[in-house]
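> What follows is a single structure, and I will ask about it in a moment.
Rule-based calculations on the coordinates, nothing more; no lab input. Values in this document were obtained by computation on a predicted structure and should not be read as measured data. Every residue, glycine as well, gets a Cβ built from its backbone with ideal geometry; the counts of neighbours run over all protein chains shown.
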Amino acid sequence: MNKTTDYFQRLSQYNQWMNKRLYQVCEAIPDSVRKEDRGAFFRSIHGTLNHILLADKVWLGRFYAQPFEIQSLAQELYTEFETLHQERQNTDKEIQDWVDSLTEEQLALPLTFTSVSQPRECVFPLWHAALHFFNHQTHHRGQLTTLLSQSGFEPGVTDLLWVPFE
């Protein structure tokens with residue numbers, strides 16, 4: 001491996017680690033509290049978890065050239081927490097499989113897609129889109145940890161440096 005593909009491996013490991021930890025915290029929260037509108041960008045803890053999964057599915061669809069069609073970026077994919085959690089785990093495995101397949105040559109190639117938020121064709125090197133993909137997750141997990149803390153639930157350490165090597 002080289003440093004660029006190693007970097008994306010690390011980000012994928014971090015994604016799985018954080019999602020596992022945050023879903024464990026969220027399992028202990030009553031559904032009504034998870035779904036309470038807290039004035040966040042995606043309203044609630046559940047809404048934020050849902051948006052992260054939805055965006056991941058949209059990006060994976062782009063990476064695999066198999067579009068994942070949505071109505072909006074706030075669309076609820078799964079009402080039931082257990083189903084949302086299972087789909088999160090499945091998607092994290094898909095992300096890891098995709099990252100495992102990456103080569104330096106692929107990362108340098110252009111990725112063309114239609115933006116959901118600004119409906120237009122976009123072209124970026126795959127490495128740039130992949131970096132945005134992982135950064136987007138981290139951004140919204142930051143919002144999620146704030147919502148959890150405000151609700152009285154401790155999200156724990158979230159730093160990339162503390163991801164356990166497996």
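> Scattering from the C-alpha atoms of the chain alone, worked out with Debye: what is log10 I(q)/I(0) at q = 0.10, 0.13, 0.20 1/Å?
Per q value, in the given order, log10 I(q)/I(0) is -0.38, -0.64, -1.40.
> Kindly provide the pair-distance distribution of the stretch 17-90 built from C-alpha pairs, with 5 Å bins from 0 and whole-percent values in order of increasing distance.
Reading the bins upward from 0: 3, 16, 26, 26, 17, 8, 3, 1.
> Follow-up. Under 11 Å from the Cβ of residue 70, count the other residues' Cβ atoms, weight Lys and Arg +1, Asp and Glu -1, and hand me the total. Don't skip to the end; give the middle numbers.
Numbers: positive: 57; negative: 69, 76.
Here the charged neighbours net out to -1.
> Also, quick follow-up: Kindly rank 134-141, 112-119 from highest to lowest mean number of other beta carbons found within 10 Å of each residue.
Numbers: 134-141: 16.6, 112-119: 10.4.
The densest-packed peptide leads the list: 134-141, 112-119.
> Starting from the Cα of residue 3, draw a straight line to each of the lysines and keep only those under 29 Å, dropping any in the same chain fewer than 8 residues away.
Filter leaves 20, 57, 93.
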